[in-house]
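A.B. asks: Please see the structure below; I have some questions.
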Amino acid sequence: MRDGDRLMAGAARHSGPWPVLLALAAVAGAAAELAMPYLIGRAIDTGGAPGWLIAAVAVVIGCECLAVLARGLTGARAAAWIRRAVVRHVLDAGTLMRTHAPGELTLRAGLNADEAGRAPEAMVSAVALVVPTAGALIALTLIDPRLTLALGAGIVAIVLILRAFLRTGGALSGAYQEVQGRIAARLAEALTGARTIAAAGTARREAERVLAPLPELRAHGLALWRATAAAGVRAGVMTPVLEVAVLAAGGWLLAAGQLTVGELYAAARYAVLGSALGGALGYVGQLARARSAASRVAEVLAVPPMAHGTRELPPGPGTLEFRGIPAGDLVVAGGSCVALVGRSGAGKTMLAELAGRLRDPEHGTVLIDGVPLPELSRESLRAAVGYAFERPVLLGETVGAAIGMGGADLGGAARAAQADTFVRLLPEGFMTPLTATPMSGGERQRLGLARALAAPRRLLVLDDATSSLDTVTERRVSDALFGQYGGRTRLVVAHRATTAARADRVVWVQEGRIRAAAPHGELWEDPDYRAVFAEGTL
């Protein structure tokens, strides 16, 4: 079984009782439909009371109403389960998910998850159509086996048509969704860089780049519609052909005195019911799209998540150790401040990510207070390490929620990060909704710093977290880091010589390796080190 098929099966299992109710409603409704030709034929021959016929009609109507409800709830619950699984897995995988563009992930967690979630209802509905077909074959056999031959030949033809369409439709749907993903990825990139595009005056060129795959998308869409139309015509033609064939055979038997008028009517209706399998074309097309969408979602779920251990950190000062990693060995003493310095692309961010296990090294290990990071539980690791980034993503409904929740020291953290100066000016202070808080890059960075400082973590990692701050504001933030928060271990990606000078030690990174680790004053004597701080090199 393919990964996508396993995902659809899991979605069906997590859809609650609704797939079962859908199946029961479909089968009961089909059984009632099968009884109706017999009841009508009997009424024609004997003139009996229509009581059972009315009951059968009521059952069909009731089952159809229940099926509509169950079909919608099945799809909604299946899609919700798939979407939650994708979001949870993306968060678990962390930086390993970088192989997929953000726009691609959004499309797969949204539209593709919805399409894959329709698989259970499509499968149940398509299989339910087998009931009237099988029942019609049995009923015609009971009336006269010779009528079954005509219907059976047509049903075989319909099955072949559906099988070919499932294969063709699946391939075309997959190609269509792949191009959709490329457009979504490019659109997400453009939206992220909207200000840069506007400043550079390249909006028209960027729009052309985003929409460049559109002709390919149109071609796949037209091909899919043509395949659907062709299969629909072939399957649709079979209904009148089968009805004529059964009526012709039945008329010959009626003329020979081997059928009654009521049996001929019933045979004609059973021919129509038997050819109802052709109505599965829509469900087969839906299933083809669901399978290709499920395969795309399964590719995301196939990315291995970052495994965590179960150990808790013992009490300690927050000593950080890089042991045997490609960049080299390094020990950051607990409570000290180490500045990471190097040209752009030298590997500073890589070391910063390794420190809190946003990524794992190719070999070697990283330890906090003697415990390897992979052995720590997720909760213990995140409680021990705080991050502030160059472009922080602020989560939550309000400014206060973006900084911290519960017992976090919002006021103290905001003052230390110099964020309180503009938060006090907001209409509702910390309770101001984020959507009503336009911020500059520097203000956003200050909130990101406040979030890192709000909780009592033993290790703080600042990855270019002050790059958008002016010199005065950065100096005040630096005073807090070396004063109020001086007892924590700090790993700072430094882009100014003044920041590096205040650190206890500087780690000079060059071409992915640690070139030197010493106080700033000692390294300053090296002209290559001084050149790192030249404008435009960090």
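A.B. asks: What ranking of E511, E206 emerges when the number of other C-beta atoms within 10 Å of each C-beta is taken as an exposure proxy, fewest first?
C.D. replies: E511, E206
A.B. asks: Further question: I'd like the distance between the alpha-carbon centres of segment 291-310 and segment 405-449, rounded to an integer number of Å.
C.D. replies: About 36 Å separates the Cα centre of segment 291-310 from the one of segment 405-449.
A.B. asks: How big is Rg to Rh over segment 97-233, alpha-carbon atoms, Rh as the Kirkwood inverse-mean-distance radius?
C.D. replies: 1.22
A.B. asks: Take the Cα pairs of segment 1-41, get the Kirkwood Rh, then feed it into Stokes-Einstein at 37 °C and 0.692 mPa s and tell me D in µm²/s.
C.D. replies: Diffusion coefficient, whole number: 265 µm²/s.
A.B. asks: Using the Kirkwood radius over Cα pairs, work out the Stokes-Einstein diffusion coefficient for segment 150-221 at 25 °C and 0.890 mPa s, in µm²/s as a whole number.
C.D. replies: This corresponds to a translational diffusion coefficient of 163 µm²/s.
A.B. asks: Additional query: Grab every C-alpha pair in segment 3-302, bin the distances at 10 angstrom width from 0 up to the longest one, and report whole percents.
C.D. replies: Each 10 Å bin holds this share of Cα pairs: 6, 22, 25, 20, 13, 8, 4, 2, 0.
A.B. asks: Something else now. Within 10 Å, count the other beta carbons around each residue, average over each peptide in 512-518, 173-179, and list them highest first.
C.D. replies: 173-179, 512-518
A.B. asks: Would you work out the charge dipole size for segment 320-535 about its Cα centre, treating the Cβ of every Lys and Arg as +1 and the Cβ of every Asp and Glu as -1, and quote it to the nearest 20 debye?
C.D. replies: Roughly 260 debye, rounded to the nearest 20.
A.B. asks: Between E299 and A153, what is the FRET efficiency for a Förster distance of 56 Å, r being their Cβ-Cβ separation, to the nearest 0.05?
C.D. replies: Calculated value: 0.85.
A.B. asks: Still on this structure: Once the piece of chain linking E525 and A307 is laid out straight, how much longer is it, given 0.36 nm per residue of separation minus the C-alpha distance between them?
C.D. replies: Result for the pair: 74.1 nm of gain on full extension.
A.B. asks: Compute the relative contact order of segment 3-302 as a whole-number percentage, counting only Cα pairs closer than 8 Å that sit 6 or more residues apart in sequence.
C.D. replies: Reported relative contact order: 33 percent.
A.B. asks: For V509, enumerate residues with amide H under 5 Å from its amide H, sequence gap 5+ or separate chain, H modeled in the peptide plane.
C.D. replies: Amide H neighbours of V509, under 5 Å, 5+ apart: V341, G342, R515.
A.B. asks: Can you give me the distance in nm between label points at A58 and A383, each placed 7 Å from the Cα along the Cα-to-Cβ direction?
C.D. replies: So the two model labels end up 6.3 nm from each other.
A.B. asks: Evaluate the Kirkwood expression for the hydrodynamic radius of segment 459-509, namely the inverse of the mean inverse distance over all pairs of different C-alpha atoms, and round to one decimal in Å.
C.D. replies: 11.2
A.B. asks: Tell me, what is the percent relative contact order of segment 100-194, built from C-alpha pairs under 8 Å that lie six or more residues apart?
C.D. replies: 63
A.B. asks: How many angstrom lie between the Cα centre of segment 210-233 and the Cα centre of segment 78-139?
C.D. replies: After rounding, the separation between the Cα centres reads 21 Å.
A.B. asks: Given A153, A346, A116, which one lies farthest toward the positive end of the charge dipole of the chain, if we put +1 on the Cβ of every Lys and Arg and -1 on the Cβ of every Asp and Glu?
C.D. replies: After comparing all options, I get A153.
A.B. asks: Please find the FRET efficiency linking H363 to L69, where r is the Cβ-Cβ separation and R0 is fixed at 41 Å, and quote it to the nearest 0.05.
C.D. replies: Result of the calculation: an efficiency of 0.15.
A.B. asks: Follow-up. Normalise the Cα radius of gyration of segment 320-535 by 2.2 N^0.38 Å (N = residues in it) and let me know the number.
C.D. replies: That works out to 1.01 for segment 320-535.
A.B. asks: Shifting gears a bit: Using only Cα atoms and rounding to the nearest 10 degrees, what angle (0 to 90) does helix 18-46 make with the longest principal axis of the chain?
C.D. replies: 10
A.B. asks: For segment 331-416, what value does the Rg/Rh ratio take when both radii are computed over Cα atoms and Rh is the Kirkwood radius, given to two decimals?
C.D. replies: Result for segment 331-416 is an Rg/Rh of 0.99.
A.B. asks: Once you have the Cα-Cα distance between R476 and R146, take 0.36 nm times their residue separation minus that, and quote the gain in nm to one decimal.
C.D. replies: Residue separation times 0.36 nm, minus the Cα-Cα distance, leaves 109.3 nm.
A.B. asks: Moving to a separate point now. Given a Förster distance of 56 Å, report the FRET efficiency between L91 and V237 from their Cβ-Cβ distance, rounded to the nearest 0.05.
C.D. replies: 0.65
A.B. asks: How big is the dipole moment of segment 377-446 about its Cα centre under a simple scheme where the beta carbon of each Lys and Arg is +1, that of each Asp and Glu is -1, and everything else is neutral? Debye, nearest 20, please.
C.D. replies: 160
A.B. asks: Under a point-charge model restricted to the Cβ atoms of Lys and Arg (+1) and Asp and Glu (-1), what is the dipole moment magnitude of segment 393-497 relative to its Cα centre, in debye to the nearest 20?
C.D. replies: 340
A.B. asks: Related question: Farthest toward the dipole's positive end in the chain, which of A229, A401, A128, given Cβ charges of +1 (Lys, Arg) and -1 (Asp, Glu) about the Cα centre?
C.D. replies: Highest projection toward the positive end goes to A229.
A.B. asks: Enumerate the residues in segment 329-357 having an amide nitrogen under 14 Å from the point lying 7 Å beyond the Cα of E375 toward its Cβ.
C.D. replies: None, by backbone N distance to the label point.
A.B. asks: Per-residue ellipticity at 222 nm for the chain, helices alone: DSSP H runs ≥ 4 residues times -39500 (n - 2.57), over residue total, nearest 500 deg cm²/dmol?
C.D. replies: After summing the helix terms and dividing by the residues of the chain, the value is -20000 deg cm²/dmol.
A.B. asks: Run the numbers on the chain and let me know its relative contact order in percent, using alpha-carbon pairs under 8 Å that are six or more apart.
C.D. replies: Once normalised by length, the contact order is 16 percent.
A.B. asks: Tell me, in nm to one decimal, what length is gained between T99 and A134 on full extension, where the rule is 0.36 nm per residue of separation less the Cα-Cα distance?
C.D. replies: 7.8 nm
A.B. asks: Could you tell me what a quarter of the Cα convex hull surface of the chain works out to, in nm² with one decimal place?
C.D. replies: Quarter of the Cα hull surface area: 32.8 nm².
A short reminder: the numbers here are calculations on the coordinates, not readings from a lab. Fair warning: this is a prediction, and the values are worked out from it, not measured in the lab. Ideal geometry is used to build each Cβ from the backbone, glycine not excepted, and the neighbour counts take in all protein chains shown.
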